[in-house]
Amino acid sequence: MSLEQARKAQQPLHQPEKQKQVKVKAHKKRWISTGEKFLYSISTTAVIAASLFFVQFSSATDSLNRDIRSLEKDISQQESHNENLAYQVKELSNPDRILKIAKENGLNIQNAKVKQAGTVSN
């Protein structure tokens with residue numbers, strides 16, 4: 001006996017009326033609506049854009065800080081070099097040294113006072 005014949009055997013002989021079966025499409029409720037998808041997309045895009053901005057800003061700030069440290073180092077080296085040169089100027093303008101060099105080159109000084117060129121006297 002086939003499955004179809006078994007079903008017919010189980011059915012009552014007199015059926016009052018056959019009801020028409022109407023297929024109703026049930027709309028499944030979506031987990032996320034289209035409006036929510038749109039809002040989530042916009043907010044995700046905003047968060048990603050803000051994150052990229054913060055990363056770029058911090059990178060630029062870090063780069064500027066490195067440049068500032070490098071310039072400060074160069075400035076301190078130049079200041080120490082300038083101090084060394086100023087000390088050498090003071091050493092080389094010593095009146096005793098000038099007199100010694102003058103005597104070595106044959107200059108005769110007769111009762112003269114040696115004055116430093118950079119100073120003003122009355």
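Quick note: the coordinates plus some simple rules give every number you see, no bench work behind them. For clarity, every value in this text was computed on a predicted model and none was experimentally measured. Because the Cβ atoms are built from the backbone with ideal geometry, glycine has one as well, and the counts that use them run over all protein chains shown.
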Enter the per residue convex hull volume of the stretch 23-116, computed from alpha-carbon coordinates, in Å³ rounded to the nearest integer. 112 Å³
Residues of the stretch 33-61 with backbone nitrogen within less than 11 Å of a virtual label 7 Å along the Cα-to-Cβ line of residue 67, please, listed as ranges. 60-61
Give me the distance in nm between label points sitting 7 Å out from Cα along the Cα-to-Cβ direction at residue 100 and residue 42, one decimal. 8.6 nm
Among the aspartates and glutamates, which have Cα under 17 Å from the Cα of residue 28 when same-chain residues fewer than 8 positions away are ignored? 36
